[in-house]
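Structure first, commentary second.
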Amino acid sequence: MAGKKPPSSDEKVFEHLKRLDDAQEKKKTSKADEELFELLSPKRNIDLRIEKMFQDLPEKFVVLLLEKVQEYAMISLRLMHFFSENGIPGIYISTNKPLSALMESLNAQKINYKNVFFVDAVTKTINAEIIEGANFVYIDSPKNLTDLSVAIDAGAQKIKAEKKFIIFDSLSTLLVYNKAGVVEKFTHSVAGKMRTWNAKGFFLMVENRQDETTKTIAQFCDETVEI
């Protein structure tokens, strides 16, 4: 019985080209899958919602940003990412997460914060690690609203740029340490300063539109946004 005829030179070339086409198609499919995964990822989804929010807002504003509990940590980071990518400096006030943990999260997502002034009102309360820095200020407790207000003023004096942001994270935590009426008066005061400084101001709060305190604070803001 005659043996199988060996492939001709043309057939070899054809097979080689077919293998290259298959490999290229797999590469395209893999890249498309990666792009789709990125679009469907929670981080990208939040980025798109933040971009849409800014499209609907004026140049300067004070916003009460209502967030779902499960997305809370990610939203504050992606908001910082937005300002970093757009070269806008600002002030970040944290009553929710110690600065050491916040820095770790920002570094993990490669978010530049060199032009941000941080006011930390939780580190000393829980005896967390204190990170030294010219743009870091620590308040003894979220109950000390006078010192907190002074620290925010100091941050505003350091930010000389015309465009700036102020993120207050969060009113929900502030309400754990202070009576609702006290937080309402404090928020009203800070909101007024945000307008005076022509800042893009955000008060972060866990979503609860039916809460009377939320309704009161919403009156001090230009917009209430659920994200």
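Among the residues in segment 133-144, are any among the small types (G, A, S) and within 13 Å of the chain's Cα centre (by Cα)? No, there is no match, as no residue in segment 133-144 is among the small types (G, A, S) and within 13 Å of the chain's Cα centre (by Cα).
Answer yes if at least one residue in segment 150-168 is in contact with a Leu (Cβ under 6 Å, 6 or more places away or on another chain) and not charged (D, E, K, R), and no otherwise. Scanning segment 150-168 turns up no residue that is in contact with a Leu (Cβ under 6 Å, 6 or more places away or on another chain) and not charged (D, E, K, R). Is there a residue being out of contact with any Phe, Trp or Tyr (no Cβ under 8 Å at 6 or more places or on another chain), part of a loop (DSSP other than H, G, I, E, B) and exposed (fewer than 14 other Cβ atoms within 10 Å of the Cβ) anywhere in segment 187-201? The answer is yes, given that some residue of segment 187-201 is out of contact with any Phe, Trp or Tyr (no Cβ under 8 Å at 6 or more places or on another chain), part of a loop (DSSP other than H, G, I, E, B) and exposed (fewer than 14 other Cβ atoms within 10 Å of the Cβ). Screening A134 against (1) at pLDDT below 95; (2) closer than 18 Å to L79 by Cβ leaves a single unmet condition, (2).
Out of all the residues in segment 110-128, which are among the β-branched types (V, I, T) and assigned to a loop (DSSP other than H, G, I, E, B)? Of everything in segment 110-128, those that are among the β-branched types (V, I, T) and assigned to a loop (DSSP other than H, G, I, E, B) turn out to be I111, V122.
For segment 129-155, filtering for residues that are in contact (Cβ under 8 Å) with a residue 12 or more places away in the chain, under 19 Å from V176 (Cβ atoms) and not in a strand (DSSP E or B) leaves 9.
If you go through segment 156-184 and pick out every residue that is farther than 25 Å from P89 by Cβ and outside any helix (DSSP H, G or I), you end up with 2. Consider segment 103-129 and keep the residues that are in contact with a helix residue (DSSP H, G or I) (Cβ under 6 Å, 6 or more places away or on another chain) and of a type in the set (V, I, T). The one that is surrounded by the fewest Cβ atoms within 10 Å (Cβ to Cβ) is I111. Filtered by the rule that a residue be out of contact with any Lys or Arg (no Cβ under 9 Å at 6 or more places or on another chain), surrounded by 15 or more Cβ atoms within 10 Å (Cβ to Cβ) and assigned to a strand (DSSP E or B), segment 202-227 gives F202, F203, L204, M205, V225.
The C-beta contact set for segment 59-76 (first residue over 10 Å from I227 (Cβ atoms), second residue hydroxyl-bearing (S, T, Y), distance under 7 angstrom, 6+ apart or interchain) comprises L64/T224.
When segment 40-73 is limited to residues that are in contact with a helix residue (DSSP H, G or I) (Cβ under 6 Å, 6 or more places away or on another chain) and not basic (K, R), the one that is farthest from T216 (Cα to Cα) turns out to be D47.
The values are calculated or read from the model by the stated rules, or taken from the named source; none is laboratory data. The structure displayed is predicted, hence computed values, not measured ones. Note that each Cβ is placed from the backbone with ideal geometry, even for glycine, and that neighbours are counted across all protein chains shown.
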